Amino acid sequence: MAQAMHGHSAACCNIPPIISKGYEPKGRYETIGGLKTYVTGPANAPKAILYIYDIFGYFPQSLQGADILSTSDKDNQYLVFMPDWFEGKPADISWYPPDNEEKGKALGNFFQTTGAPPKTAARVPATLKEIETKYDSIKTWAVAGFCWGGKIVSLIVSKSDTPFKAGAECHPAMVDPSEALNIQIPLCMLASKDEPAEDVKKFEANLKGEKHVEIFGDQIHGWMAARSDLEDARVKSEYERGYKTLLEFYAKYL
């Protein structure tokens, strides 16, 4: 497992203090391609990141993450877009973990309908085109997916005509090593203790391009997104380190 990014000083990213509770997002909501979309970062930035949230949608921890990615690296600032793929109907966070039959059914139904990964993956190319129509400064795209969003990243960056120059998957759901075989672009995977370590290692071995794969061994599935308890000092520290790792990866490959 790679432990550190090389070729970039640790000073590349000036991440602002992480807000544990009551975070005030710095961006704005716009309607792009018919979807409510959280937009943050300099409006004329030539580089952009598509942030694919987890199944719980717009949570403060995810919005704060998008804001961190947009402007924390003073040499590489990004326009970050977080479309509402669920159109106002995300999964209920009380369903997770699915520790009884009712929660399991609710989650299973969500993944079969609103949250079916191929359904969202198919919408990504047209969404990027709509964004570029509104923000014509964009020349280069990266993507970051969290939990469920990580699965979407695998599906879209494994296509030969992917529009993305670099991708990242954070505590990805449904890790499938076979999907890595067709990924040619640089990929960063930050796994938690809850993803099967063997699957993560096989995924890493199957990646043909540049990569940074790391397991955050004491963090839960969701520590960089909606399930992050930022009032816990250790979680807060690893949340920050996760986003810093993403920034260093993008700085290297975009």
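Please enumerate the residues belonging to the range 35-45 that are under 29 Å from Leu107 (Cβ atoms) and outside any strand (DSSP E or B).
Within the range 35-45, none qualify.
Please specify each residue of the range 88-106 satisfying the condition of being free of Cβ contacts under 8 Å to residues at least 24 places away in the same chain and either part of a helix (DSSP H, G or I) or among the hydrophobic types (A, V, I, L, M, F, W, C) (or both).
Ser94, Trp95, Glu101, Glu102, Lys103, Gly104, Lys105, Ala106, listed by residue number.
Tally time: how many residues in the range 212-250 are surrounded by fewer than 18 Cβ atoms within 10 Å (Cβ to Cβ) and either over 11 Å from Leu190 (Cβ atoms) or among the acidic types (Asp, Glu) (or both)?
So the count comes out to 9.
Yes/no per residue for (1) among the hydroxyl-bearing types (Ser, Thr, Tyr); (2) modelled with pLDDT under 95; (3) more than 19 Å from Phe216 (Cβ to Cβ):
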{"residue": "Ala11", "(1), (2), (3)": "no, yes, yes"}
{"residue": "Tyr29", "(1), (2), (3)": "yes, no, yes"}
{"residue": "Ile32", "(1), (2), (3)": "no, no, yes"}
{"residue": "Lys36", "(1), (2), (3)": "no, no, yes"}
{"residue": "Val39", "(1), (2), (3)": "no, no, yes"}
{"residue": "Phe56", "(1), (2), (3)": "no, no, yes"}
{"residue": "Gln61", "(1), (2), (3)": "no, no, no"}
{"residue": "Gln64", "(1), (2), (3)": "no, no, no"}
{"residue": "Ser70", "(1), (2), (3)": "yes, no, yes"}
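Hey, Trp141 hits all of (1) at pLDDT below 95; (2) buried (at least 16 other Cβ atoms within 10 Å of the Cβ) but one; which does it fall short on?
Here Trp141 clears every test but (1).
It is to be established whether one or more residues within the range 193-208 are modelled with pLDDT of 95 or more, closer than 20 Å to Ala48 by Cβ and not small (Gly, Ala, Ser).
no
Does Leu35 meet the test of being closer than 19 Å to Leu247 by Cα, in contact with a strand residue (DSSP E or B) (Cβ under 9 Å, 6 or more places away or on another chain) and either buried (at least 21 other Cβ atoms within 10 Å of the Cβ) or in contact (Cβ under 8 Å) with a residue 24 or more places away in the chain (or both)?
Answer is no for this residue.
Which one of the conditions (1) crowded, with 21+ Cβ neighbours inside 10 Å; (2) closer than 19 Å to Ala166 by Cβ; (3) at pLDDT 95 or above; (4) not polar (S, T, N, Q) does Ala45 fail to meet, given that it meets all the rest?
So the condition that Ala45 fails would be (1).
Could you list, in sequence order, the residues of the range 152-203 that are part of a loop (DSSP other than H, G, I, E, B) and among the polar types (S, T, N, Q)?
Scanning the range 152-203 gives Ser158, Ser160, Thr162, Asn182, Gln184.
Considering each residue of the range 46-76, count those that are in a loop (DSSP other than H, G, I, E, B), over 15 Å from Lys244 (Cβ atoms) and touching an Asp or Glu at 6+ places or on another chain (Cβ under 9 Å), and give that number.
The qualifying residues number 4.
For Lys26, all conditions in the list (1) part of a loop (DSSP other than H, G, I, E, B); (2) under 23 Å from Val124 (Cβ atoms); (3) of a type outside the set (Val, Ile, Thr); (4) more than 16 Å from the chain's Cα centre (by Cα) hold save one; what is the number of the exception?
All conditions are met except number (2).
For the range 228-254, which residues satisfy the criterion of being among the basic types (Lys, Arg) and closer than 17 Å to Ala144 by Cα?
Within the range 228-254, Arg241, Lys244, Lys252 qualify.
Conditions: (1) buried (at least 24 other Cβ atoms within 10 Å of the Cβ); (2) closer than 15 Å to Ala122 by Cβ; (3) out of contact with any helix residue (DSSP H, G or I) (no Cβ under 6 Å at 6 or more places or on another chain); (4) of a type outside the set (A, V, I, L, M). Phe146 meets all but one. Number of the miss?
Single failed check for Phe146: (2).
Based on this model, can you work out whether Val213 counts as of a type outside the set (Lys, Arg), assigned to a strand (DSSP E or B) and in contact (Cβ under 8 Å) with a residue 24 or more places away in the chain?
Judged against the criteria, Val213 is a match.
The values are calculated or read from the model by the stated rules, or taken from the named source; none is laboratory data. Since this is a predicted model, take the numbers as computed values, not measurements. Using ideal geometry, Cβ is built from the backbone for each residue, glycine included, and neighbour counts are taken over all protein chains shown.
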